[in-house]
Every structure is written in C-alpha cells, then in structure tokens.
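Presented below is the structure to which this report refers.
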Amino acid sequence: MEKPQLIKNGKRLDGRSFDQLRPIKIVAGVVKNATGSAYLEWGANKIYAAVYGPTEALPKHTANPKQAVIKCRYSMAPFSSLEEHGRSGANRRATEISKVTKEVFENAIMIEKFPNSEIDIYIEVLQSDGGTRAAGITAAGVALADSGIPARDIPFAVSAGKANGEIILDLDKLEDNYSDADMPVAIYPNLGKVGLLQMDGSLTKEEFDKAIGMIKESGREISKIQKAAISEMYE
Amino acid sequence: MDVIIPGEKVSDKPERFQGTSVSNGSTYANVVGFYDKDRNMFVQLVGMWEPREGDIVVGQISSKRSRACYVDLNFPYKGEIQLRYEETRLSTGDVIEAEVRDFRKFEDEALVSLTRPKVLHGGMLVAVKPTKVPRILGKANTMIKQIAEGTGSSLVVGMNGMLWIKGGDMNLVEKLIREVEEKAHTNGLTDKIKQEIDAYKNPK
Amino acid sequence: MLIKTVSKEYVNELLLSDKRIDGRGLLDFRKLSIKTGIMPHAEGSALVELGNTRVIAGVKIDIGEPLRDKPDEGALMTGAELLPMASPKYEAGPPSPESVEFARVVDRGIRSAELVDMQSLFIEKEKVWMVFIDMYVMNADGNLFDAGSLASVAALLSARMPKLEGEEIIRTGNLHKLKTNGIVTSCTFGKIGDKLLLDTNGNEEEYASTRLTVANDEKYIRAMQKGLSGDMSIKEIQEMIDISADKSKELRSAIKRAVEE
C-alpha cells in the first residue's frame, strides 16, 4: 500500500497540530481487588492498569534479599484492534514491552524498602489505537500512586515521531504505521530523567532534540491529568 | 486540600515526615498526601503499615510448624508467633488478633514478631487502607466505639488495616467502615456516621 | 489477601434463617448493570457488572475457512481470560482449567440456543465469517458464568456485521447487525449445606460444595453444567431448572434494555 500523506496544510489527519496530544482521561481506583488501579482513555486507546503488593515473593527462589522484585505483564485483548481478531497469549512484542515497562517501575518504586517481596503490575489494553505502551505506563503510574507503595516519582510516557519531514507528538495508529520515525519515551517528571527510550526509523540529531523537547513539554499536561485522577479520589 | 503525589516537593527544607524523603536539602513525597501547614506535617492519604512495638494486628494463620505459627497480615512479611511462649491453641486458618513485639529485617528474611495471640471465632474480616486506621478508630477511639455500640457489633481493629467484625448487622458495619475509609479526610464525619446509625435504629 | 473474607460460621448461621451475608434473599441476583458498545473497535462489546464482578466481552468477526463437518456455516469461538489483575488468586500464564470450563459453558448456551445465525455467515465455498467472543474478567467476586454469559450475549446482540468489498473487509460505517435469534441467559446456583443460593458472591463461592448452571431461552433449557466436588438431588435440580426459567425473564429484559440503548 502507498504511504498516505500524514500532514496536510500544516495539520495532521485528525486535525491536531504537530505538538498536540490526543484527549486523555484517567480514573483511579477502578479495580476493587487491586492495591492500586487506574482506567485510562487516550484517544481511542482504552487501558486498565493495576498494582498488587508488595506480597511475599513467590516462588521463593525469585526473591531478592536486597529489594522487591517487580513483575509486569502488558497484554492486548484479542478484540482491541479495528482490524482482525488478535491471537491471545504472550507474543514477542508484549514480552518486550512488559520488560521495559517493568524497568521503568523498578526505578520509580522504592524497591529497596521491601527486600524479598514482590510487586505485580498489570496493564491490559482493551482497545488500541497506537501508543499503547506509553499510555500503559502513564496509567500504571496512576495505579502506583493509588496503591500507596512508596515511589520516588510518578512516570508519564508518550511518543514522538516524524511524518512528512515534521516532528509530531503522540502518534496514533495510522501515523505509527506510516511515519518515518517513532520514539516512545517515559520520563520521571520531578527527577527530570528518562526511564524508557525506544526508537526506530530515522532521525537527525536536531530532530531528536526537537522530539525529546516536545515530549518533555507535553509532560506538564500529562502529569497534570495523572494528578487530577488521584486528587479526584479525595474530593 | 492540595494533594501532593509521589515525586512532588513537600518542603524546601529537609524534614523527617513519614512518607517522604530528603534529596538535595528538600523534602519530597513518596506517597499521596497533603501538607498540613498548621501542624507542619505531611499527612499520608495512602501508604503502608509500618509495624511498631505494641501495635494490635489482625490476621489469619497461614501455616504452623512445631515451634511457630506464621500469620498473613496483608503485609509483605509474615507475622510469627513463637509457640513456646504462648498459652493459646492455634491452628492454620484461625483468625487472630495479636500484639507486635518487634519487626525484624534480616539479610534473607523479615518477620513481624507477634505475641499475646487471641483467636477470633466467626464473623468477618475486612481489609482497609492502613493509613485510614487512625480515622476509623477516631480520637480516643470515639469513632469505633460509636459504630460498635450503635450496631451491637464487636470490632477488633488491626493497625495493619485488617478489621474483624462480629455480631449485629455486619453489613451495616462494613458499609460504615468503608464510608469512614473513603471520607477519612473530610470534616464532620463522626456526626455523619452518628446520623446514619440513628436512621438505622429508628427507621421512619 | 482479599478485601473481605466472611467466616464459614457466619455464612452458615445466616443461612439457618435463609439470609445471606450481603442481605439478599437466597434467590436474588446482585445489582446488575449491562452496557454495550463500550469498545467500538470490536464489532460488538459489553461490560457487565454483577455486584463487584466485572466482565467485559468483545466480539470480533473475521474471514476464515469453515469447519470440515459444517462446510456451509460460519464458525463461533469463545475464549475467556481470568486476568491476573482481577483477583489476587489469579495468575498470569496459560488458560487454567477453570477459565476453559467457564468459556465452554458460556459457549454451549449460545451455540445450543442457535443465538448466532450460522448460515448467514456463509460467504462462498471454503470462505465463511468467523465470530470470536472473548470474555475478560476485570474484577472477580463470584459467579463469572452468568456475568460472562450476559456480557457475551449482549455483545453479540449489539454487534455490527462487517462486509466484503472485493477482498477488503469493511468494518465501520453503514453496516447491518450480526444476525441473531432470541436471547439465552444462565442462572448459576451454589449449594451450601442444604441451601441453594442463586448468584453466589466470591465469599459464598468459597463455601459452596456444588454448583449448577442452567442456561435457557424462552422455550427450552439450552445448556447445563454441574461443577465442584459435591452432589445434589434430582429434586434440587428440578427446582433450579424452574427457578432459572422464572429468573431468566428479568435477565432477558436487562439484555434487551442494554442493547436498545
């Protein structure tokens, strides 16, 4: 299939400007059985995140005497896409996303406080429209805050990329499929540090600088929405 | 109330508030809470129990060996009751209340050492957020007394966030407890709960 | 640990006077809510809340090959995920026997009632529409079977039927609905001591010795499944069949309301 024109008259196909996020809505505390949880809608993405723990690390040989063990499962429902029925079960993509997400939270959570314990993070994508790993991390950040497990910071994530020579923020599915670069990034906003960075496609150093700047700037808005979801529980 | 979430600054000075840590001379939140100016303290809205000597806990015996019982406290680490010091007969599955002797973190294991266990028969166990326990108890236990007396229930409140309820209308008790848990940070809660108990006792 | 654990003693004590821990009568359902169309990427979807039990069902419709023994019909496949986020008791990994039984019991009711018009899914020789139902348990507090069945049926009844334009599948825009007939629902009972309880919650389920699911539509019993290691008398089974027929009226109208909204 021929590459569609992703940018027309200085606007993106859905009418957004280059540095504009899709609408984001987060509700905390939605999974009653979990220690902490959140439901997030980000554009057409619909994602549940839940945190359980810390509990005794099981099986025992997985325990680490220096810190809590973080386990993470990112998974996508077979009915989540507008295209065909997905095959359920672990695949290589989900396994990789689970791993890099786990690492984001190993750094955010004060794992040194809970040796020999385990904390489980679950991210379930029920509807997907591009950028689900970033949206999943953003949702899990709210679930973490809701859980009361001590954390250094609450990460947010979003991706930036390149289409028709322009650097654009928060790629949706169509943009993701046909863009010339995609770079999902997670940031700890108060520490000002990067927790996840992936990239494919082609970017010049200048384009990278522009993309990362856009991501950092958008964090103000994303963090505000994350915080509002938590504050709403105490109104 | 301005909610502070983990990572946000609580104070420009280094403070030793619970649920915070100090970095580069400033104090940052590690859990959701708010800063109480009048009392100069950080109030945690969520958080985990930190075992202290003398804390009353409620839990369920998960396993028993010849010398000790291990107790699920809804906490990352098990409670341990050394049987040679205790008179009470204990079996796996029993719900108990007990007192914390100390909390020991070793290189390869951590345990909450418990003493003076008492078996709690029947009733039900409810888990609440441990940070809400002080509000559920109320000043000088006023809130919990009001609920127990108003509903005719017996209640044991564990500092670990486990509550045992028996007798009276237990559903009503659970409902009231959940209400206090959710609205712990609001004013006039004692009166509101009193009204609900009165309405239950004297239905119009 | 669970957020609430009721002792067996207390459950039994209440049952002596036909009462339940959440104040219901023995044959009452918990508060039920059904919402359809919650995941618009799927051809059909529904969220069912039965007390604290939450199940989301999604329906996808794709092109595939017919089953060898039914060359002129489409195919129906039902799956279930007991998500590890739904309960501290569930673990990630391959489907457990519990989740497979759950999916198959729901599937059996829908299949036996011929709820989906399988002939309408035929396209041409060796080419048919395949209907995938996936049930996602988001929070578990007992009686997944009835909640899952309600979610699946509501999702099917509200599903849009994709169409073929040449080789391309058109999934959005002006589409017909998936062709279905009637409504099938199930009633699941747990037996504690000698009492039969409809729609057991998570705590009651712990103490049930036996479970019976009866699925029916307006006319017939369409599927049954006895579960757990206890037993029940034929008279008890007959009683549950009668109750199920009666209770299914309110379930059918709940589905109708949700689909029409």
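Miscellaneous remarks
- Scanning region A:60-98 for residues that are of a type in the set (Asp, Glu) and under 26 Å from C:Met77 (Cβ atoms) yields a count of 2.
- Residue match in region C:60-71 (condition: within 21 Å of the chain's Cα centre (by Cα) and crowded, with 22+ Cβ neighbours inside 10 Å): yes
- Of the candidates B:Lys9, B:Lys78, the single residue that is of a type outside the set (A, V, I, L, M, F, W, C) and modelled with pLDDT under 95 is B:Lys78.
- Evaluated against (1) surrounded by fewer than 22 Cβ atoms within 10 Å (Cβ to Cβ); (2) within 17 Å of the chain's Cα centre (by Cα); (3) more than 20 Å from B:Pro6 (Cβ to Cβ), A:Met183 falls short on exactly one condition, (1).
- The residue that is nearest to A:Val27 (Cα to Cα), among those in region A:50-68 that are within 22 Å of the chain's Cα centre (by Cα) and among the hydrophobic types (A, V, I, L, M, F, W, C), is A:Ala50.
- Unique residue being crowded, with 16+ Cβ neighbours inside 10 Å, in contact (Cβ under 8 Å) with a residue 40 or more places away in the chain and at negative phi when the list is A:Ser218, A:Ser231, A:Ser202: A:Ser218
- Extreme residue, farthest from B:Met170 (Cα to Cα), among residues of region C:12-28 that are more than 9 Å from chain B (Cβ to nearest Cβ) and touching a helix residue (DSSP H, G or I) at 6+ places or on another chain (Cβ under 7 Å): C:Leu27
- Filter pass, A:Ala134 being more than 14 Å from chain B (Cβ to nearest Cβ), under 22 Å from A:Asn190 (Cβ atoms) and surrounded by 24 or more Cβ atoms within 10 Å (Cβ to Cβ): yes
- Candidate set from region A:151-163 (those that are part of a loop (DSSP other than H, G, I, E, B) and buried (at least 24 other Cβ atoms within 10 Å of the Cβ)); member that is nearest to the other protein chains (Cβ to nearest Cβ): A:Asp153
- Residue that is farthest from the other protein chains (Cβ to nearest Cβ), among those in region C:115-166 that are in a loop (DSSP other than H, G, I, E, B) and of a type in the set (A, V, I, L, M, F, W, C): C:Leu115
- Cross-chain or 6+ apart pairs with Cβ under 7 Å, region A:55-75 first and without any contact (Cβ under 8 Å) to a residue 60 or more places away in the chain and within 13 Å of chain C (Cβ to nearest Cβ), then surrounded by 14 or more Cβ atoms within 10 Å (Cβ to Cβ) and of a type in the set (Asp, Glu): A:Lys71/A:Glu118; A:Lys71/A:Asp120; A:Ser75/A:Glu124
- Just one of the listed residues (B:Arg135, B:Arg89, B:Arg116) is assigned to a loop (DSSP other than H, G, I, E, B) and over 18 Å from A:Pro54 (Cβ atoms), and it is B:Arg89.
- Test: residue in region C:173-185 that is free of Cβ contacts under 8 Å to residues at least 12 places away in the same chain, within 14 Å of chain A (Cβ to nearest Cβ) and in a strand (DSSP E or B): no
- Selected residue (criterion: surrounded by the most Cβ atoms within 10 Å (Cβ to Cβ)) from residues of region B:184-204 that are in a loop (DSSP other than H, G, I, E, B) and in contact (Cβ under 8 Å) with a residue 12 or more places away in the chain: B:Ala184
- Whichever residue in region C:192-213 is charged (D, E, K, R) and under 19 Å from C:Ala245 (Cβ atoms) and, among such residues, is surrounded by the most Cβ atoms within 10 Å (Cβ to Cβ): C:Asp199
- Test: residue in region C:63-71 that is touching a residue at least 24 places away in the same chain (Cβ under 8 Å) and either in contact with a helix residue (DSSP H, G or I) (Cβ under 7 Å, 6 or more places away or on another chain) or at the interface with another protein chain (Cβ under 7 Å from one of its Cβ atoms) (or both): no
- Number of positions in region A:116-145 that are in contact with a Pro (Cβ under 7 Å, 6 or more places away or on another chain), assigned to a strand (DSSP E or B) and not acidic (Asp, Glu): 3
The values are calculated or read from the model by the stated rules, or taken from the named source; none is laboratory data. Note that the structure is a prediction, hence the values are computed from the model and not measured. For neighbour counting, all protein chains shown are included, and Cβ atoms are generated from backbone atoms with ideal geometry for every residue, glycine included.
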